[in-house]
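Take a look at the structure below.
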Amino acid sequence: MENKTVYLNGDYLPLNEAKISVMDRGFLFGDGIYEVIPSYSGHLFRFQEHMERLENSLTIIRLTNPHTREQWLKILTPLLDSSLDQYIYLQITRGVAPKRDHAFPENIPPTVFAMCSNIAPLDNRDSGVKAISVDDSRWELCNVKATTLLANILLRQQAVEQGCAEAILVKDGYVTEGAASNVFAVIDGILMTPPQSHEILPGITRDVILEIAQQNNILCREEIISLDALKTASEIWIASSTREIVPVVELDSEKVSDGKPGPVWQTMNRLFQAYKKSLS
Ligand code: PDD
């Protein structure tokens, strides 16, 4: 295990010295939320938007934000290496309670943990990946970036065991998102992505793609996508902070179009990379 410096409850310390109690509610219940924030050339990407989502997650789980945005920036910046593409993993749990009780403990400080890792794009990102569609077995608060990820883990593992990079989740016949990504599809020449709701995470990469599409006259709609419609798509992509925009070239063992990344992805990926560069 790489012994990098991490942040835990006010201290910077080597990863192997960062310890929490077994009574931490994050450990016992998965009672916490997290963020994943990319950093390019030492600049946190879309920091304000990530903070807004963090605040929203905290509000929904009824946990007070322990820091202001300015304080968060001060805490996270020393973890970054400006020569690398990286991401911050930031987690806040409801803290260490005296006993295991589902109900909230009173007057307990939250546990705050953050670490930085290098972004390693998928080896085959530019040639595309395979995906499967599976029933979305998750809960009703998918807009919260909760550490409680058991359903997502089981769904992603199902994909991995079938030689696929992602599970595309389907609820009542409609696509929601990937196990750890948002989904885009080009259908009848229009770029589509499911609308925001409690059934999906409001992805920051998703927002950037929508903005780039608008600014570059790429026809784009936030609209529900049935699995049947997805199967007719000329392009399918998955998008996240750590993987960026990845073309899906095979869905449920069937090729998407000719089984190669499509022209809209080529354009979007070029624009996305240029946008990233323009910020550094
Ligand atoms: N996950 N939907 C889900 C369920 C996700 O877990 C993620 C990202 C996204 C994309 O969101 P963003 O573009 O803000 O990264 C959508 C992160 C990377 C993770 O859990 O590691």
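The values are calculated or read from the model by the stated rules, or taken from the named source; none is laboratory data. As the structure is a prediction and not an experimental result, all values here were calculated from the model. All Cβ positions, glycine included, derive from the backbone under ideal geometry; neighbour counts span all protein chains shown. Heads up: the accessible areas ignore ligands, DNA and RNA and are worked out on the full protein's heavy atoms, side chains in. Shrake-Rupley method; radii C 1.70, N 1.55, O 1.52, S 1.80 Å.
Multiplying each eigenvalue of the alpha-carbon gyration tensor of region 129-278 by 5 and taking the square root yields semi-axes of 22, 18, 15 Å, largest first, rounded to whole angstroms. The lysines whose alpha-carbon is closer than 20 Å to the alpha-carbon of LYS74, local same-chain residues fewer than 8 away aside, are LYS4. The alpha carbon centroids of region 229-279 and region 10-48 are separated by 30 Å. Couplings 3J(HN,Hα) of region 30-38, computed from phi: x, 8, x, 10, 8, 9, 10, 10, x Hz, in residue order, whole Hz [Karplus 6.51 cos²θ - 1.76 cosθ + 1.60, θ = phi - 60°; x for Gly and Pro]. Note on LYS231: accessible area approximately 110 square angstrom, rounded to 10, probe 1.4 Å, nucleic acids and ligands left out. In the context of the full set of protein chains, the chain has a per residue accessible area of 50 Å² (1.4 Å probe).
For region 63-68, 3J(HN,Hα) computed residue by residue from phi via the Karplus equation (6.51, -1.76, 1.60; θ = phi - 60°) reads 10, 6, 5, x, 9, 7 Hz, glycine and proline entered as x. Taking amide hydrogens as placed 1.01 Å from N in the peptide plane, the amide H of ILE168 sits under 5 Å from those of ILE132, SER133, VAL134, each at least 5 positions away in sequence or on another chain. For region 129-278, the number of Lys pairs separated by eight or more positions or lying on different chains, with C-alpha atoms closer than 29 Å, is 18.
A 1.4 Å probe over all protein chains sorts LEU149, LEU191, LEU201 by accessible area into LEU149, LEU201, LEU191, starting with the largest.
For the set HIS67, HIS43, HIS102, HIS198, solvent exposure ranked by accessible area (probe 1.4 Å, protein chains only) runs largest to smallest as HIS102, HIS43, HIS198, HIS67. The calculated FRET efficiency for the pair ASN16 and ASN216, based on their C-beta separation and a Förster distance of 51 Å, comes to about 0.65. Of the accessible area of region 5-118, computed with a 1.4 Å probe over protein heavy atoms only, carbon and sulfur atoms account for 52 percent. Distant-in-sequence amide contacts of ILE236, defined by a placed amide H-H separation under 5 Å and a gap of 5 or more residues or a different chain, comprise VAL186, VAL248.
Using the Karplus relation 6.51 cos²θ - 1.76 cosθ + 1.60 with θ = phi - 60°, the per-residue 3J(HN,Hα) values for region 18-26 come to 7, 10, 10, 6, 5, 8, 5, 5, x Hz, with x marking Gly and Pro. If eta is 1.002 mPa s and T is 20 °C, what Stokes-Einstein diffusion coefficient results for the chain, Kirkwood Rh from Cα pairs, in µm²/s? After rounding, the answer is 108 µm²/s. Entry note, region 129-278: relative contact order of 24 percent, from Cα contacts under 8 Å with a spacing of 6+ residues.
Considering helices alone, the calculated mean residue ellipticity of the chain at 222 nm is -7500 deg cm²/dmol, with DSSP H runs of length four and up weighted by -39500 (n - 2.57) and normalised per residue.
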